[in-house]
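Peer 1: One structure, pasted below without further comment.
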Amino acid sequence: MNNKNFLTFFDCGFSKIRAGAFSANIKTEAFYAESDFFIDSLDIEQKIQKIITNLEKDTGEYIDNINLMIDSPKMFSVGISLSKKLDGSKLKKTNIQFLIQEAKQQIFKNYVDYNITHIIINNYKIDNIDYSYFPDDIKCNVISLDILFICLPIDLVLYYKKIFSKSNILVNQIICSSYAKSISYKDNLNSTGYVSFIDVGFNKTSIITYLNDKTLSLDVLPIGGNNITKDISQILKIDLKNSEQLKYNFDLNIKNLNRDDISLDILQKITFARTEEILELCTKSIESSIHSDGRFKMVLMGEGSKILDNRYKDKISFINEIDYLEETLEDICQSGFKFITGLNKQEVVVVPKKQIKQGFFEKLFHFFK
């Protein structure tokens, strides 16, 4: 049975599973579900199955396909520039598709263990003139493309596909969660200039940097909120579960947590020390991607950043502007829905071959969303 009335999105993080089902007919109708917080993923299949059951009950439909939002400490982005001579002929989308296919082959050759998740065309240089989007009805002698690929480990993709297949559910499209969220939030903020979205997760921190509408880079640091938990556990000599509770309540009176043996001042110092280290590493990554040490805006988001909201910005010394973005379950799931259903002229959408019966290139791409 096909899920005709609802589009379902699963955001599978390393510490929480979230999902949303969106009506294809009624714009305001949506249902959401999430798991509790977890440190290990031993029972992740049961958590996913419980959410599936809840959403099927809410929507009144069986779920047979979903869109999967995931991140990984091993994901990365790589930029490729390619050019082609056309000798003054009219520029066609097939010319662009040839260049994209050639760039894809380079990725496949050099990163055999990775899945291409997103293909973004940042710039078209046509006879030395730059265009942000594909120009219609233009003649061209030389076309050059700047393409950004975002890649995820194949084994992670297959891991989740296998889990959902046990419930007879197909995965339609893979979405880099932090990338989709940053696009959604960027559009809401209407920011210009250099803006970096810092998504602090359980065991990674991803940095997506934009210059206006151009996606400059996606970088990943193998450090996240769990490192703060481990610091608290090691220094205060308590278990990880209690350390996690203290981390998210570090601004409360310790007596309210029944922990008279722990200094609030020491707890805050541990928390801010690791947070500042994460932000310093993010700053270095951003400066390398924009090739500058000038000012830029940083927006903190993600489960791991909840300990640092706008009340505590003055605790950390940075020359750049830092804002905290408090995410909700609805925000995260809606970012995936907006990504799939919205218009993004810079992104090339890879379509599974089994869904297409057109010619060679149409089997590879829907050119733009």
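Peer 1: State in Å² the accessible area per residue of the chain; use a 1.4 Å probe, count heavy atoms of protein chains only, and round to the nearest integer.
Peer 2: Value for the chain: 49 Å² per residue.
Peer 1: Please list 170-177, 325-332, 40-47 highest first by mean number of surrounding beta-carbon atoms within 10 Å per residue.
Peer 2: Final packing ranking: 170-177, 325-332, 40-47.
Peer 1: At 7 Å along Cα-to-Cβ for each site, give me the label-to-label distance between D146 and N249 in nm.
Peer 2: Each label point lies 7 Å from its Cα, and together they span 4.9 nm.
Peer 1: Pairs to check: K27/K204; K16/K186; K50/K204; K162/K284; K84/K109; K4/K214. Give those whose C-alpha atoms are more than 30 Å from each other in this structure.
Peer 2: In this structure, K27/K204; K162/K284; K4/K214 lie more than 30 Å apart at Cα.
Peer 1: Treat each spin label as a single point 7 Å out from the Cα along the C-beta direction, and report the S23 to Q101 distance in nm.
Peer 2: 4.3 nm
Peer 1: A follow-up question, please. Apply 1/(1 + (r/R0)^6) to the Cβ-Cβ distance of K214 and K284, taking R0 = 30 Å, and write down the FRET efficiency to the nearest 0.05.
Peer 2: Between K214 and K284 the formula returns 0.90.
Peer 1: May I ask you to list the chymotrypsin sites (Phe, Trp or Tyr not before Pro) in the range 60-151 that are in a DSSP loop and have at most 15 other Cβ atoms within 10 Å of their Cβ?
Peer 2: Taking the range 60-151 and a limit of 15 other Cβ atoms within 10 Å, the loop chymotrypsin sites (Phe, Trp or Tyr not before Pro) found are Y62, Y133.
Peer 1: Also, quick follow-up: Along Cα→Cβ, 7 Å out, is where each label goes; now give me the distance between the ones at I138 and S263 in nm to one decimal.
Peer 2: 6.3 nm
Peer 1: Which of T205, L279, F6 sits closest to the plus end of the dipole of the chain, meaning its Cα is farthest towards the positive end, when Lys and Arg get +1 and Asp and Glu get -1 on the C-beta?
Peer 2: Toward the positive end, the furthest listed residue is F6.
Peer 1: May I ask you to give the percent of accessible area on the range 192-240 that is carbon plus sulfur, with a probe radius of 1.4 Å?
Peer 2: Answer for the range 192-240 is 51 percent, counting heavy atoms of protein chains only.
Peer 1: Name the residue farthest towards the positive end of the dipole of the chain from the options L86, V349, L300, assuming +1 on Cβ of Lys and Arg, -1 on Cβ of Asp and Glu, about the Cα centre.
Peer 2: The residue sitting farthest along the positive end of the dipole is L86.
Peer 1: Reachable aspartates and glutamates from K93, Cα under 16 Å, same-chain residues fewer than 8 places away excluded?
Peer 2: Within reach: E102, D136, D137, D146, E347, E362.
The values are calculated or read from the model by the stated rules, or taken from the named source; none is laboratory data. Values in this document were obtained by computation on a predicted structure and should not be read as measured data. Cβ: placed from backbone, ideal geometry, glycine included. Neighbour counts: every protein chain shown. What goes into the accessible areas is simple: the full protein's heavy atoms, side chains included, and nothing from ligands, DNA or RNA. Shrake-Rupley method; radii C 1.70, N 1.55, O 1.52, S 1.80 Å.
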